[in-house]
Structures are given as structure tokens and as C-alpha cells.
Amino acid sequence: MFRKILIANRGEIAVRILRACHELGIPTVCVFSEVDRTALHIRLADEAYLIGPAPSRESYLRIDKLIDVARRSGCDAIHPGYGFLAENPALPRACTDAGITFIGPSAETMEVMGSKTAGKQLARRADVPTVPGTDEPIENPAEVQSLAQSMGYPVLLKAVAGGGGKGMRVVSNDEAFASCWRDASSEALNAFGDARLFLEKYLDAPRHIEIQIFADAHGRAVSLGERECSVQRRHQKVIEEAPSTVMTPELRRSMGEAAVRLARAGGYVNAGTVEFLVDANLNFYFLEVNTRLQVEHPVTELVTGLDLVKLQIAIAAGHRLPFAWETITPRGHAMEVRIYAEDPDNNFFPCPGKIVARRIATGPGIRLDEGVYRGWTVPVEYDPLLSKLIAWGNSREETIARLRRALDEYTISGIRTNVGLFRRILAEPEFLHGEIHTRWLDHLLARPRPPAIPPRSCTEQAVAIAAAYWESLQPGNSSTGSQVPQSAPSRWKHEGRREQLDRQP
Amino acid sequence: MKFEVHLESVGGKSEHIVDLQKDASACKVLLDGQPVDAHVILAAPNAVSVLLNGDVFEIHVAPSLDGTYKLQTGPHEFEAEIRDPRAWRGRKHSALEAEGRQQILAPMPGKVVRLLVKVGDEVEAGQGLIVVEAMKMQNEIRSPKKGKVERLQAKEGQPVNAGEVLAWVE
């Protein structure tokens, strides 16, 4: 096992990883930017080093500084978390050069599987079904347009280096093609420095179902089952659950086998996720591979009982995967919501700030993965994910009931959050029946919002009392109040007055 | 202590006179002149617990920059402005009518995207001075008083930290 692990990340995932390390008895080294000195991962780490100013380009994305900290602090492994450098082959390469183990797949695997085009070519070779479209990045718009015509609209234009929904456009007809092409390529150029696009058939109302895979360095690769992440807002996952409501044992087996075939074909080692789109007839199509730990990994942890981060560390240390996992079946149901500091009333704009009060959700079947605390100011510079609230129950119904209950307990004041959005989704009949697809939430949000339930008059009265009470506690008001009990006069004052009176002639 | 509480929520606006009579052991509450069965304590920092006729309410209080409060209980959100009937002016009122030379501070870290005024401009209380963008959201920083822009520290495109002085209004 490792001597000491450097966590090259921040926020809730840094906390998640350091918890796994501490359970394994491995000391942790964390890094922070100038605005993250007070972040939770720094409060919990064994060692912490400043690596630069707030912008991530000058701190969390600086491979040279990370390697330097790892060397100086005597780390023999680096965990990248997700986001930042997690899928950048330059980090594992730099680790290899420095003689440090990278907890994740090799640089070569990342290059082969992480890129969407290369991943698709690999999928074809491994006999994994893919969405009809181009394998190669396409240069000439006219050529693509004729291909789109033959394929039939709608089609999707996607950035080769894309992710997070950037550089992506749905083209619904021939007239819109030219402007969509222009928008997608300029967005891709701005976001990733790579304007190349590829084209694929746009599936109508597909589900997003992904398979968690694990592979060791001794040639064993297994599937840990699926997660359904169909509830998305503009291609960003919002709610994830396992098992999927449409899953059958046969489909799970064939999707799992396809994902494992792909992992083998790419020589994959460590944790990865193979994403698929599933249509109404339960045909599945390979989408892409995420060569890292996913944000939604706790969902799999709750239904399998495994600790994926500890598994990642064990595999990176050269351990074997135990055999029994090939036959893994999910137990119960798990669901995760991603709570962000964003304002649902203002187009989900991020709204960081100081957390002045909070109540934490706990209790049966509830897990809260987060990197925040009361009194901390959520910085503006990074992704505004506050908490991942994950519920587990025997059935989907029980899981949803627990999640709703926990969302009522979870309160955070001083900043706005998207908690209200989850209250709404978890009450939608379509969601409760599992009738969801990747554009379901966008459609829901496009509908007029049901009018907010006005507070009852007793709630309003209680709030008025609370507001007055709070005001009475403010420093300027304490002196005007009768907080000093009149029944306890000062003996000193009394004696002084008596003496004064005695002095009178 | 008597407070005039102005509340606003999706249910509309309302106004209450809350009279808190504190003594050593308890705090009696008169709501709009009527005694009510209420027990109120500070349960945790910024969290007030109210038992009103036996119903439990936990209300989180967050002060806003303009002197009002944001209150949150369950799914409900309120904005409250409190006026002390004995005082000359309410909190919000006094914030708008600030006197003397006023520093204009950045309320959050971000980037100055636009200057709406020049040095020497006459401004009204509440008039927008500077637009600061934080995480793609644009916020107008307003003048706390009627007066003249004395100095402008901020420049367009400049990153600013929370609390940094952007301008002075005399």
C-alpha cells in the first residue's frame, strides 16, 4: 500500500478521497489555492500546501506544482478526483516520470478511450453498438450536411474534445444546419481550443444509463452494474439512481459485458464509466468512456456495498479484484441529488456566498458527501457544487420518500440553492413512474412553474416573531431591551447611593 | 421591545407589530397587540426556533446588505424589513439616506464589467454606479445616498475582491 497520497483536487471529492485514505491509514496531502485556505479538505488533511492563486489554471491545473508538492512531501501516489486534471493524460505521464503512482488509468488508455472519436472507434472494434454517425472529426460542413440529410434529421453536432454539454448543438432541420455548425465550432474552440466536430444521429427521448467498470492490472475486468442519469439539465446530470427502472437482468448482463469488452479492448486499468444511450426499445448505444471516478459514484457504492475509492487505491497499488464481483447484483435502490449554490429563480446562475446557517440531513438511509460548513464562504472561482445528498432504501419508493424527508431537513442559509428544484422533481408523476429521458427535465423546466404554495398564516406569524426576536438580539438593541433583570439590583450601586445620601447635611 | 415587521413572500406582503417582553426566564410575545402562546429561542447560530400554539418552526435568518433580512423556513422564503417604531428611521431607510462621504464596496468577489457614472456626476440615492460580474451574474452596485461621485477606483475589466473600495460618493 501507499505511504502517502496527494489529493489533486478540492471540494467534496477531495474530502471523499481523504476519508478513504484515512480509513486505510494512509496520510493525506492536500493542495489549495489562495481562496481555499479555509476549505474543508484543508481542515481535514494531514498536510496541506498552497499551490497558487485562485484561478484553477494557476493552481489546481498546474501539474508542475502538484508534482513538486508530491515530491517534497514524500507522496508515492496522486489521486486526481474528478474534473480538473482527472482526464488529462499529461498528469499520469508526469507522475510516471516522477516515479509516482497515478490512481487511475494510464495516459495511453486515457488517450485511446477518453477522446470521443477514438472511443467510438474502439467500441466498433470491441463489437459494442454505437450511435450512427461519423468516426472521424469532420472538416467540411457541406460534406457533413449531405451526410446529415442521408441520415435524417434531427442530428447532433458534438465537439471532439467536448464535455459538459459545451460545443454541442442539435440540428432539427436542413435550414438550421449552417448556423448550428458555426455556433458549435466556435463554442468548442473557446472552451477546449479545438474546433473540430463530429456528427451523429440524434436519438429521440433516450435514457442515459452508464455502467461502472473496474479493472485490475492482472487482466480482470468487471461491471458493478448501472446508474441511470437521465435527469439532466442542458446535458448536466442532476439526479442519478441505481438500479434503472427499465433495467432487466438480461439487459444488465449484456450492457455489462459490452462495457467489460470495451475495457479489455482498451487495456483499461482502475475505475471507469462507460456511458450508453438507451432507446425506447431498450437498444443501447455507446456514448463515451469517463476515465475517472464519477461524481455519482456513491449511488453504486450504496447498492453494492463497496467503497470505490478504496478499490481504486488498492488496484493502483497492484492488488487483484476479488472474483465474486462478476456476479454482483444491486441491493435496494439508491438516488443522488446534486445540490448547487445556484438560483433556480434566476436561470440557475451560480450564487456563491457565505453560509450563515445550516441544518444537516442525516438519519436512516441518508448519506451526505460535501465540502462545506457553516461560516464558510463558497468561492466564486470554482464549480458551485455544495453537497451530494444520497438516499438508500429497500425500494425506489422508500428511497424517494427518504430523499424528500432529507431535503426537508437540509437547510442552508445565506446562499441560494437548487433544493426547491428537487422538491419539484421528486413530486412529478412522470418521475415517480420512471418515465424519464435525457430531455425530460429541460421540458419540465420549459413548462410554466406550478404556483408556489403560499405560507400558512401561522408560518407567517412565526416568521414575524422570529424576525423581531433576531432584531432584538442585535448589539444595538440589547441596551434598549429589558434584558438585564430588574429584580437583581447591584449591591454596589445600592451601597454607593446610601453613602451619597448619608453625606447629605 | 416593540418592532414593526414588514414581511414579503410569495403569499404577498404583510405587516405585524411584534412586542417582545423579555424577563430573566422567558420572553412574552404580543402579536399585533394580542398576547400569543409563543416560545422563542435562538436554537443555533442564525437559527431561531419558534413554538407557536404548539407548532414547531425553525427559521433561518440571513442579513442582507441593505439592512433587511432573508428568512427561510421549510420551503418558504421571506424578506423582512424591521422598523423600530421609537426610532426616527427604519434600517433600510437609513441605509438609503446615508450621510457624509460614502465608500462604495464590492459586495462579492468578481469583475467590474461596466462603469455607469463618471467622476463628478450627480447621483440619486439608489442609482446604479458600477456593474460587477460574479460567476456570470451581473450585479448593479447602487449609490447609498444622493450626492456627487468623488472618486472612481474601479476600472472596467478589473477583478475585485469582496470589500474592496470601488468608489466614493460625497
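Structure values in brief
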read-out	value
Relative contact order (%) - criterion: Cα under 8 Å, at least six apart; region: region A:5-103	29 percent
Region B:51-73-region A:329-352 distance, computed between alpha-carbon centres (Å)	24 Å
Solution diffusion estimate, µm²/s, Stokes-Einstein, region A:132-201, Kirkwood Rh from C-alpha pairs, 10 °C, viscosity 1.306 mPa s	137 µm²/s
Sorted peptide list for A:51-63, B:5-17, criterion being average Cβ within 10 angstrom, highest first	A:51-63, B:5-17
Largest-first principal axis extents of the Cα set of the protein assembly as shown (Å)	111, 58, 56
Long-range amide H partners of A:V160 with built H, under 5 Å	A:R196, A:L197, A:F198
Ratio Rg/Rh [Cα only; Rh per Kirkwood] for region A:1-47	0.95
Rounded to whole Å, sorted largest first: equivalent-ellipsoid semi-axes of region B:2-92, Cα gyration tensor	20, 18, 13
Long-range amide H partners of A:K354 with built H, under 5 Å	A:V378
Computed helical MRE - 222 nm, chain A, DSSP H runs ≥ 4 contributing -39500 (n - 2.57), nearest 500	-10500 deg cm²/dmol
Virtual spin-label span in nm between A:T329 and A:N346, 7 Å along Cα→Cβ	5.0 nm
Whole-Å distance, taken between Cα centres, linking region B:134-170 and region A:409-460	36 Å
DSSP beta bridge pairing in the protein assembly as shown, given as percent antiparallel to the nearest 5	90 percent
Furthest towards positive pole of dipole, A:L441, A:V131, B:A106, structure part the protein assembly as shown, Cβ charges	B:A106
About the Cα centre, charge dipole magnitude for region A:25-154 (Lys/Arg +1, Asp/Glu -1 at Cβ), debye	240 debye
Value of relative contact order over chain A, rounded to a whole percent, pairs C-alpha under 8 Å and six or more apart	13 percent
Pair A:A401, A:E143: separation of 7 Å Cα→Cβ label points (nm)	5.9 nm
Bins of 10 Å from zero: percent of alpha-carbon pairs in region A:1-151	11, 34, 25, 15, 12, 4
Across B:K2/B:K70; A:K4/A:K388; B:K118/B:K155, pairs whose alpha-carbon gap is larger than 23 Å	A:K4/A:K388
Average silhouette area of chain B, convex hull of alpha-carbon atoms, in square nanometres	12.3 nm²
Convex hull volume per residue in cubic angstrom - Cα atoms of region B:99-169	67 Å³
Amide H partners (placed H, <5 Å) of B:Q127, local residues excluded	B:S143
Kirkwood estimate for region A:208-341, i.e. one over the average of 1/r between Cα atoms, Å	14.9 Å
Order by protection proxy (mean Cβ within 10 Å, highest first), peptides A:126-135, A:259-268	A:259-268, A:126-135
In Hz, Karplus ³J(HN,Hα) per residue of region A:277-291 (6.51, -1.76, 1.60; θ = phi - 60°; x = Gly, Pro)	9, 10, 8, 4, 8, 6, 7, 10, 10, 4, 10, 6, 10, 9, 8
Computed E for B:V56/B:E156 - FRET, C-beta separation, R0 56 angstrom, nearest 0.05	0.65
q = 0.08, 0.11, 0.17 Å⁻¹: log10 I(q)/I(0) that the Debye formula gives for region A:207-446, counting C-alpha atoms only	-0.31, -0.58, -1.28
R0 of 30 Å, Cβ-Cβ distance B:E8-A:E428: FRET efficiency to nearest 0.05	0.60
Förster-model FRET efficiency, 45 Å R0, B:V113 and A:R447, C-beta, rounded to 0.05	0.85
For region A:92-244, alpha-carbon Rg over 2.2 N^0.38 Å	1.18
Ellipticity estimate at 222 nm from DSSP helix runs (n ≥ 4, -39,500 (n - 2.57)) divided over chain B, nearest 500	-1000 deg cm²/dmol
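Each value in this text was obtained by applying a stated rule to the coordinates, not by laboratory testing. Computed from a prediction, not measured in an experiment: that's the story for all the values here. Reconstructed Cβ throughout: ideal geometry from the backbone, glycine too, with neighbour counts over all protein chains shown.
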